[in-house]
1. Looking at the structure I just gave you, is F130 without any contact (Cβ under 8 Å) to a residue 24 or more places away in the chain and aromatic (F, W, Y)?
2. Of the conditions (1) crowded, with 19+ Cβ neighbours inside 10 Å; (2) free of Cβ contacts under 8 Å to residues at least 40 places away in the same chain; (3) under 23 Å from L62 (Cβ atoms), N228 fails just one. Which one is it?
3. Condition first: farther than 18 Å from D152 by Cβ, touching a residue at least 24 places away in the same chain (Cβ under 8 Å) and not in a strand (DSSP E or B). Now tell me which residues in the stretch 70-102 satisfy that.
4. Checking S234 against (1) modelled with pLDDT under 90; (2) surrounded by fewer than 24 Cβ atoms within 10 Å (Cβ to Cβ), which single condition isn't satisfied?
5. What tally of residues in the stretch 170-189 results from selecting those that are closer than 23 Å to L109 by Cβ and either touching a Ser or Thr at 6+ places or on another chain (Cβ under 7 Å) or not assigned by TED's automatic domain parsing to the domain that holds E217 (or both)?
6. In the stretch 156-166, how many residues are crowded, with 17+ Cβ neighbours inside 10 Å and modelled with pLDDT under 75?
7. Out of R103, R135, R140, which single residue is modelled with pLDDT of 85 or more, within 27 Å of S44 (Cα to Cα) and basic (K, R)?
Amino acid sequence: MNIKETALSAAKKSGKLLIDLSKNNANYEMKNVYDILAEADVESEQIIINEIKKAFPNHDILSEERGKTNTESDYLWIIDPLDGTINFSRGIDEYCISIAVERNGELILGVIYQPTTEKLFVAEKGKGAFLNNRRIQVSRENEIINSIPATDNSSKIESRITNYKILSAVCDKFRHIRILGSGALHLAKIVSGNIDVYYKTRFNYWDYAAGVLMVREAGGEVTDLKGNPIGKNSKDILASNGILHKPALELMKGRGNL
């Protein structure tokens, strides 16, 4: 199998596992007072890693639970085996698997799979973004007041407070704000035109790598909350349909003491 086929196979196998586990009571432990580690995180991650290692034993992998391997490969797989763990643990459908691949530091593939709906989002560098093999693009909404933005809570209390400061300062400038509990799915919803803007004051690369490529390939824009290019060391994230990116940056500038 090639890289894309391997990623799709890993996502679907992981998704089947999560659906099977969701039919039983999910076992989990507290990471901290705001976050959990589900048994499903670990098992899903193992399935994905096994698929990658079987096809590409020398490729590096960055994962949420295990960190990064170091084989000095040109290829790096960035995986989040279960984005939206709390949703999963409570029987809420908004969770997904996120898999991205870099070659020499450049994102070349992104896959986001929501097993509860069987929605499979795929983007390849220079080839566009697709939902279940149908090409998709960001919305054309050009008015902030008519836009649908989204955000997420953080497991870190400081980031959560900053997030709410921004939210309270700008909530009357948008139509409705969504908080769904999965950063990767939020980016997928920007890609498919369901929402127009997404921000979060805490950034983990494994949560967003696949979605970052997708947003770009669908015609949108992704930066940090100061307008800088997004990268592994970014502290926060702002994604949009592109048209609303500058207005959203201006609106959030100085909010929450960023």
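1. Judged against the criteria, F130 is a match.
2. (1)
3. D74, G91 - these are the residues of the stretch 70-102 that are farther than 18 Å from D152 by Cβ, touching a residue at least 24 places away in the same chain (Cβ under 8 Å) and not in a strand (DSSP E or B).
4. Here S234 clears every test but (1).
5. Total satisfying the criteria: 1.
6. Selection size over the stretch 156-166: 1.
7. R103
Every residue, every condition in (1) free of Cβ contacts under 8 Å to residues at least 40 places away in the same chain; (2) aliphatic (A, V, I, L, M), yes or no:
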residue	(1), (2)
K165	no, no
H176	yes, no
G181	no, no
I190	no, yes
A210	no, yes
M214	no, yes
T223	yes, no
S240	no, no
P247	no, no
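The values are calculated or read from the model by the stated rules, or taken from the named source; none is laboratory data. All values reported here derive from a predicted model rather than from experimental measurement. When we count neighbours, we look across all protein chains shown, and the Cβ atoms used for this are built from the backbone with ideal geometry, even at glycine.
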